[in-house]
Amino acid sequence: MASNDPKHREEEEETAAGAEDEDTGAQVAPIIKLEEVSVTTGEEDEQPILDLKAKLYRFDKEGNQWKERGAGTVKLLKHKDTGKVRLVMRQSKTLKICANHLVLSTMTVQEHAGNDKSCVWHAPDFADGELRDEMFCIRFPSVENCKSFMEVFQEVAESQKKEENKDASATAGLLEKLSVEDNKTKGEDKEKAEEKTEEEVPTAGREKVSESGEKDAGPVSST
């Protein structure tokens, strides 16, 4: 029976707590065994060159108004092999993608009218699983972050233009090389065809040469 004395009651509670914390040595096996699952983000081969907190909006053409797309982290990721850069933004809580597109040489970003913490740009976006031409507006907590985003975005677009020019030059050079090789092959095939034709000409129409080396003029008609 529990004592009514506060001091004794406190001692009894401490004794009971100690008994509960005592390690009995019993091992309890987990009811469900969870296996480790590797999670991929699709960004393993890319290097982040920009990572900022922001809130994204897209322009709804039908409603003629801006609609919030999500708040989270916007990144500019450069592929380690191809050098291409894409913009990716995920919502902070759900990690749902709200923007996903390549930064192309034709893209430009500009400050949103009346708000120096926001900027706008157009892009063919693939966030919803299909390519759509979108107009985005992104708002940052500070003017400095907005300026940093615009500067890096524009630098990437210009660098992509140089890469595209290099690719175009390389492609033109390859096509020219293939054209030269093709012409050379055609010339060789033509020569072989001519040689083969000469070998196949029948001897009936050629002049006969006798064993003495004199030309055989054929039978002489008698007068």
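Contour minus end-to-end for Q110 and I49, with contour as 0.36 nm per residue of separation and end-to-end as the Cα-Cα distance?
20.0 nm
Fully extended, how many nm does the chain gain between K162 and S92 (0.36 nm per residue separation, minus their Cα-Cα distance)?
21.8 nm
Keeping to pairs on different chains or 8 or more places apart, tell me how many lysine pairs in segment 23-147 have Cα atoms under 14 Å apart.
Lysine pairs meeting the criterion: 12.
Leaving ligands, DNA and RNA out of it, rank I138, I31, I49 by accessible area with a 1.4 Å probe, largest first.
Correct descending sequence by accessible area is I31, I49, I138.
Report, by chain and number, residues whose modeled amide H sits under 5 Å from the one on W121, excluding near sequence neighbours (fewer than 5 apart, same chain).
F136
The values are calculated or read from the model by the stated rules, or taken from the named source; none is laboratory data. Only a predicted model underlies this, so the values are computations on that prediction, with no experimental measurement involved. Calculation scope for accessible area: heavy atoms of the full protein, side chains included, ligands and nucleic acids excluded. Shrake-Rupley method; radii C 1.70, N 1.55, O 1.52, S 1.80 Å.
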